[in-house]
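The values are calculated or read from the model by the stated rules, or taken from the named source; none is laboratory data. The model shown is predicted, which means the values in this text are computed figures rather than measured ones. Don't worry about glycine lacking a Cβ; one is built from the backbone with ideal geometry, like all the others, and counts go over all protein chains shown. The accessibility values were calculated without ligands, DNA or RNA, using every heavy atom of the protein model including side chains. Shrake-Rupley method; radii C 1.70, N 1.55, O 1.52, S 1.80 Å.
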Amino acid sequence: MTVTTYKWTIERYHRAIEAGIFDDQPIELLRGDLIVMPPEREPHAYYNTEAADYLRTLLGERAKIRDAKPITLPNDSEPVPDVAIVKPLGEVYLEHHPYPEDIFWIIEFSQSTLSKDLGDKKDIYAEAGIAEYWVVNLKNSQLLVFRDLKNGQYTTELTLTTGTIVPLSFPDVSVQVQRLIGFPKR
């Protein structure tokens, strides 16, 4: 027996949300599949909030920092990244979530979801043309940076534990790595 799963399109997914089918259950759409999002533990919530606030301070009005809000991608995906740094388009976002061309970079904070964030999500973001993707590995206090898209894949991967990183979209901004990953556990 062959098992065939139902693939959702963005349009059907939005209609289901509007109809209240998911009862506010935390889900995201990845390549047409509905994925239940695990509950956030305290370290994840803490670092996510602190990083978003820090980036707001660094970038000011130059970008909008959206934490835990959907983005709409062309590969039947509407993930909910922990932090999306997007163009400050104001009321445009009343009509649609940010599209790839609106996104400067994305950050995911990982503890229990590391394999998903380094697998499916990384691939989906690369295929959609997101120029830069950062994963904060909370277990190992590391920042993993993915850049340099070629043929829908990131060709550069950096692993940082200290120092600063300059986002591709903002070459005049230095982000302190330890402000994102936390200071070494004692």
Review point. What's the number of the condition T162 fails, among (1) surrounded by 13 or more Cβ atoms within 10 Å (Cβ to Cβ); (2) hydroxyl-bearing (S, T, Y); (3) part of a loop (DSSP other than H, G, I, E, B)?
Key: (1)
**Study point:** Single unsatisfied condition, E95 versus (1) open to solvent by 70 Å² or more (accessible area, probe 1.4 Å); (2) touching a strand residue (DSSP E or B) at 6+ places or on another chain (Cβ under 8 Å)
**Key:** (2)
Review point. In the list Y46, Y6, which residue meets the criterion of being among the hydroxyl-bearing types (S, T, Y) and modelled with pLDDT of 90 or more?
Key: Y46
**Study point:** In segment 36-57, the residues that are hydrophobic (A, V, I, L, M, F, W, C) and crowded, with 18+ Cβ neighbours inside 10 Å
**Key:** A51, A52, L55
Check your understanding: Any idea how many residues of segment 58-77 are part of a strand (DSSP E or B), open to solvent by less than 50 Å² (accessible area, probe 1.4 Å), touching a residue at least 24 places away in the same chain (Cβ under 8 Å) and in contact with a strand residue (DSSP E or B) (Cβ under 8 Å, 6 or more places away or on another chain)?
Key -> 2
Practice item. Output yes when any residue across segment 49-57 is aliphatic (A, V, I, L, M) and part of a loop (DSSP other than H, G, I, E, B), and no when none is. Key: no
Practice item. Look at V80 and say whether it is touching a helix residue (DSSP H, G or I) at 6+ places or on another chain (Cβ under 8 Å) and surrounded by 16 or more Cβ atoms within 10 Å (Cβ to Cβ). Key: no
Exercise for review: Taking L138 as meeting all but one of (1) of a type in the set (A, V, I, L, M); (2) over 20 Å from T57 (Cα atoms); (3) modelled with pLDDT of 95 or more; (4) in contact with a Ser or Thr (Cβ under 8 Å, 6 or more places away or on another chain), write down the number of the exception.
Suggested key: (3)
